[in-house]
1. Take region 47-68 and flag every residue that is under 23 Å from residue 21 (Cα atoms), open to solvent by 40 Å² or more (accessible area, probe 1.4 Å) and either touching a Lys or Arg at 6+ places or on another chain (Cβ under 8 Å) or among the aliphatic types (A, V, I, L, M) (or both).
2. When region 140-179 is examined, which residues are found to be open to solvent by 10 Å² or more (accessible area, probe 1.4 Å) and not in a helix (DSSP H, G or I)?
3. Applying the selection to region 159-180, what residues are among the polar types (S, T, N, Q) and either farther than 13 Å from residue 51 by Cα or at pLDDT 85 or above (or both)?
4. If residue 144 passes every condition in (1) of a type outside the set (A, V, I, L, M); (2) at pLDDT 90 or above; (3) more than 16 Å from the chain's Cα centre (by Cα) but one, which one does it miss?
5. The conditions are (1) at pLDDT 85 or above; (2) small (Gly, Ala, Ser); (3) on the phi > 0 side of the Ramachandran plot, and residue 23 fails exactly one of them. Which is it?
6. Can you tell me which residue is modelled with the lowest pLDDT among those in region 123-139 that are over 22 Å from the mean Cα position of the chain (by Cα) and open to solvent by 40 Å² or more (accessible area, probe 1.4 Å)?
7. Has region 39-62 got at least one residue that is of a type in the set (D, E, K, R), modelled with pLDDT under 85 and in contact with a Gly (Cβ under 8 Å, 6 or more places away or on another chain)?
8. Being farther than 25 Å from residue 15 by Cα, buried (at least 16 other Cβ atoms within 10 Å of the Cβ) and at pLDDT below 75 is the requirement here; does residue 183 meet it?
Amino acid sequence: MYDLILPTQIDLLHVSAVILLIATFGIVVRRGFSDWLHAYRYQTIILAGIVALIAFMIGIWELYIVAALTLGIKAIIIPKVLFYVTKKLESPIKLEVNPYVSLRISVIVSALLVAMSYFMALQLPISSNDVISVFLPVSFSLFFIGLFIIISRRKALSQIVGLLTIENGLFLFAVVVTHGFSLVIEIGLMADILVGVIISSILLFRMSKTFDSIDVKNLESLRDD
């Protein structure tokens, strides 16, 4: 299957990988919740397209269903749920004004994480082919950039988007290395993600009402001294 991949298809893989990384950097450089979600949506749409492209190249029809589920649940339903649950929050609450790490440094760190991901992928004893060699380091990049977003931002909303970015990285890794999960498992995982997003959004709404903010630093006041 992989042996039949044409040079033009390999070029398409590389282009789609670059576009996916650019969309991920779009999350890093944004300050507002709406912008984060739009960047996440673009990232997920590209990811769904990549899964469909891999399905076409290796001839596994189940991956077309996985791509459709990714597009429907993660690119459409999850952003709509987050927009709906958080629409009553005040605009300043949904804006990252003073992150732990400035946006300029965040871009530099994210670029270094991408370089580290490519280095790590070269060290792993995984049988290499065109699809794995292109997307394995990209999946690592999404994971590490999502983790960096979580630890470098103060707003809980941005941390949710960071968590969703980590999940996209793990999802891409699974598709590339294992050619996709069982459909039943994949549907269950996406349902779990959707439920987790709904619960997180409700908790954020309650947090904003309690503290008039969603800065995670406020959670320190809940500790027993």
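The values are calculated or read from the model by the stated rules, or taken from the named source; none is laboratory data. Being a predicted model, the structure only gives us computed values, none of them experimental. Methodologically, a virtual Cβ is constructed for each residue, glycine included, from the backbone with ideal geometry; neighbour enumeration extends over all protein chains shown. These accessible areas exclude ligands, DNA and RNA; they are computed on the full protein's heavy atoms, side chains included. Shrake-Rupley method; radii C 1.70, N 1.55, O 1.52, S 1.80 Å.
1. 68
2. Across region 140-179, the qualifying residues are 154, 155, 179.
3. Within region 159-180, the subset among the polar types (S, T, N, Q) is 159, 165, 168, 178.
Across region 159-180, the qualifying residues are 159, 165, 168.
4. (3)
5. Among (1) at pLDDT 85 or above; (2) small (Gly, Ala, Ser); (3) on the phi > 0 side of the Ramachandran plot, residue 23 violates only (3).
6. So in region 123-139, the residues over 22 Å from the mean Cα position of the chain (by Cα) come out as 123-130.
Applying the additional criterion that residues be open to solvent by 40 Å² or more (accessible area, probe 1.4 Å) yields 123-128, 130.
Numbers: 123: 83, 124: 79, 125: 73, 126: 70, 127: 60, 128: 66, 130: 78.
Top of the filtered list is 127.
7. Looking through region 39-62, at least one residue is of a type in the set (D, E, K, R), modelled with pLDDT under 85 and in contact with a Gly (Cβ under 8 Å, 6 or more places away or on another chain).
8. Criteria not met by residue 183.
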